[in-house]
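The block underneath contains the structure these notes are about, expressed in structure tokens.
Here, each number is a calculation from the coordinates, and none is a lab measurement. Just so it is clear, the structure is predicted and the values come from calculations on it, not from any experiment. Cβ coordinates were reconstructed from backbone atoms using ideal geometry, including for glycine residues, and neighbour counts include every protein chain displayed.
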Amino acid sequence: MSQREQAPKVSEPAEEKVAPAAEETAEQPSTSLSEILLRAEKAYAAYMDAQKEVANAYRTSELDADKGYRDAEHQARSTRDLGVKQAAKARDEVLTGAVRARDEALAQAEQAYKNARERSENTYREQEQKAKDAWDESVKQAIKAYEDAVTQAEKKREKIIEQAWNVYTKSAG
């Protein structure tokens, strides 16, 4: 067995494992090999404890960094989800407004078409009535002109017959 394996390991706190101060060592004129080995063993144990503390601190730091990353990722995901949700809501509001505007425009266009059609129908009926009235008036005038012409022709015929009769009665008489 080596001397290290023979020396007892001390599990004292790290503060107690520190080597004696230089002043104390100077007062002790000679140290035995077992004392040197004991101090070396204490120093090694303190070194191992310090190494464990460093490893624990590193692991804690690593866990804290991992937790920080997960928290930041969760926050980023939440922010993204909120942004997507707000964008979808804004899109839905815009689409709803567009549908409403389209429906209103269609209703107005249908009403304008209905009004234009009514005006067109009214104008047609008015023009039709005017045309009928004008036709009736033209027919009345044509009939009146005919009747006037016939009356004139009858008067003229009667006058000619009367003149002819007068001429005949004067010559026969």
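With θ set to phi - 60°, apply the Karplus curve 6.51 cos²θ - 1.76 cosθ + 1.60 along segment 60-77 and write out the HN-Hα couplings as whole Hz, x wherever there is a Gly or Pro.
4, 4, 4, 5, 5, 5, 5, 5, x, 5, 4, 4, 5, 5, 4, 4, 5, 5
Efficiency by 1/(1 + (r/R0)^6): what FRET value for Glu93 and Tyr69, r their Cβ-Cβ distance, R0 = 45 Å, to the nearest 0.05? Don't jump to the answer; show the numbers that get you there.
Working: r = 36 Å, r/R0 = 0.80.
The pair Glu93/Tyr69 has a calculated efficiency of 0.80.
Run the numbers for Ala153 and Val84: contour at 0.36 nm per residue of separation, minus the present Cα-Cα distance, in nm. Walk me through the intermediate numbers first.
Values: separation 69, 0.36 × 69 = 24.84 nm, distance 9.97 nm.
This chain segment gains 14.9 nm when fully extended.
Could I have the simple spin-label model distance between Ala145 and Val167, label points 7 Å from Cα toward Cβ, reported in nm to one decimal?
3.2
If the cut-off is 24 Å between C-alpha atoms, which lysines fall inside it for Lys132, apart from same-chain ones fewer than 8 positions away?
Here the lysines satisfying the reach criterion relative to Lys132 are Lys140, Lys144.
Run down the lysines and flag those whose C-alpha is under 19 Å from the C-alpha of Lys159, throwing out any fewer than 8 positions away in its chain.
The reachable lysines, counting only those whose Cα sits under 19 Å from Lys159, are Lys170.
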